[in-house]
1. Does SER79 meet the test of being more than 23 Å from GLN142 (Cα to Cα), polar (S, T, N, Q) and open to solvent by less than 30 Å² (accessible area, probe 1.4 Å)?
2. Test SER79 against the stated conditions and say whether it is within 13 Å of ligand 1 (Cβ to nearest atom) and in a loop (DSSP other than H, G, I, E, B).
3. Please go through the range 4-29 and pick out each residue that is among the aromatic types (Phe, Trp, Tyr) and free of Cβ contacts under 8 Å to residues at least 40 places away in the same chain.
4. Do we have ILE57 as within 16 Å of ligand 1 (Cβ to nearest atom), in contact with a Phe, Trp or Tyr (Cβ under 8 Å, 6 or more places away or on another chain), at pLDDT 95 or above and at negative phi here?
5. Every residue in the range 124-171 that is in contact (Cβ under 8 Å) with a residue 60 or more places away in the chain, within 16 Å of ligand 1 (Cβ to nearest atom) and among the aliphatic types (A, V, I, L, M), please.
6. If we scan the range 99-108, do we find a residue that is within 16 Å of ligand 1 (Cβ to nearest atom) and surrounded by 21 or more Cβ atoms within 10 Å (Cβ to Cβ)?
7. Could you tell me which residue of the range 172-217 is farthest from ligand 1 (Cβ to nearest atom), considering only residues that are out of contact with any Pro (no Cβ under 9 Å at 6 or more places or on another chain) and polar (S, T, N, Q)?
8. Looking at (1) within 13 Å of ligand 1 (Cβ to nearest atom); (2) loosely packed, with under 13 Cβ neighbours inside 10 Å; (3) part of a strand (DSSP E or B), find the lone condition where GLU88 falls short.
Amino acid sequence: MVGLITFDQVQKVFPAQDEEHPSVEALHEITAQIEPGEFVTLIGPSGSGKTTLLRAIAGLDLPTQGEIKLDDEQITKPSRKVGFVFQEATLYPWLTVFENIAFGLRINKEHDRLSQVQEYVDLVGLTGFEHSYPHNLSGGMQQRVNIARALINEPEVLLLDEPFGALDAFTRSKMQQELLDIWEKRKITMVMVTHDVEEAVFLSHRIFAMTPRPAKIQQIIEDDLPRPRRRGSPEFIQIKEQVLETFSFYAKGI
Ligand SMILES: Nc1ncnc2c1ncn2[C@@H]1O[C@H](COP(=O)(O)OP(=O)(O)OP(=O)(O)O)[C@@H](O)[C@H]1O
Ligand SMILES: [Mg+2]
């Protein structure tokens, strides 16, 4: 099995820049394991360190102490084994859907490349929009392009940083189902940051509730409801309440 992520005493301190910007501890002693093929969501207060943790898994910004391993190998730099759908917009406006998806692909033979890009266009439901430009796409469609681009190198792990945060509720729930369909087809490890408790309960095997900065894992909530999950079912609501309960301690302090 591939896609096993292990965190061992992970800490991240951003150094001080000047007197007005002192050092910031973003991650504090994170020790956990994410299983191959597991879908984990990270949920926690704004500014706690969730993006920092994803960037560390991606090898973009390394821990200052401790280590993160992928399949028993320490992560020290970005690799094609880990795909990333970023929090902010990352499509190139001057490239078409097809070209944006092809951009990250590391294959030289032209004909392989074309058929592989088309496979991912189809996988994310953008068949027929290959030649459209990002400004002609809805927010949901733009995120599909981002997901296809992150998947095209066939990573073992897909990281998603609030991928549906800017979408309306209807599009959002549609995209959640589509992401689950992709997970069903590929069975790769997925780690997703969200602020939406319902989204976390709908998607995850486990939910990591993070503390305010510096981020630690406050609690891990198991979510083994059978799929398809019904958002209104008593079991679903019970897990939602369990997650909210984790954060009530902080809410009272505000
Ligand atoms: N490159 C950096 N240099 C200095 N400080 C940073 C840097 N990146 C992040 N931080 C700080 O680390 C803390 C955690 O940031 P991070 O972006 O990981 O939070 P987050 O949980 O993703 O927040 P949000 O939910 O708002 O996206 C914040 O206080 C942020 O200002
Ligand atoms: Mg963030």
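1. no
2. The answer is no for SER79.
3. PHE14
4. no
5. LEU159, LEU160
6. no
7. Across the range 172-217, the extreme among qualifying residues is SER173.
8. Unmet for GLU88, out of (1) within 13 Å of ligand 1 (Cβ to nearest atom); (2) loosely packed, with under 13 Cβ neighbours inside 10 Å; (3) part of a strand (DSSP E or B): (3).
The values are calculated or read from the model by the stated rules, or taken from the named source; none is laboratory data. Note that the coordinates shown come from a computational prediction; the quantities given were computed from them, not determined experimentally. Neighbour counts run over all protein chains shown; Cβ positions are idealised from the backbone, glycine included. Calculation scope for accessible area: heavy atoms of the full protein, side chains included, ligands and nucleic acids excluded. Shrake-Rupley method; radii C 1.70, N 1.55, O 1.52, S 1.80 Å.
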